[in-house]
Amino acid sequence: MTLHLTSCVKHRREAAMNIHPSITTARILDALERHRTVLDDPGFCAACGVDVDGIEQDARQYKCDACGSHAVHGAEELLIMTAP
């Protein structure tokens, strides 16, 4: 069990290093606030930085319609990925 958790943490940290620089913590928190108040389902493409609607909060590696990369993540998942 510990090995699996360690591998998950390692994967998330490696993925966080590849997040587009325009996706800041403030931008992620704003998306989470929108989700809480107006029930948006915001996400972001980690490759190109575009906002994506209709994404579950725990989504990982969905295909981006803008750039074609499998790098769309839900806002909550991105917050976890970028945590120190």
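Read the figures in this text as sums done on the coordinates, not as results from a lab. Given the structure is predicted, the values throughout are model-derived calculations rather than measurements. Please note: Cβ atoms are built from the backbone with ideal geometry, for glycine as well, and neighbour counts cover all protein chains shown.
General observations
- Selected residue (criterion: surrounded by the fewest Cβ atoms within 10 Å (Cβ to Cβ)) from residues of the range 65-84 that are of a type in the set (A, V, I, L, M, F, W, C) and under 12 Å from the mean Cα position of the chain (by Cα): Ala83
- Residue in the range 50-61 that is nearest to the chain's Cα centre (by Cα), counting only those that are of a type in the set (A, V, I, L, M) and within 8 Å of Gly74 (Cβ to Cβ): Ala59
- Taking the range 20-49 as the range and being more than 16 Å from Leu79 (Cα to Cα) and surrounded by 12 or more Cβ atoms within 10 Å (Cβ to Cβ) as the test, the residues that pass are Asp40, Cys48.
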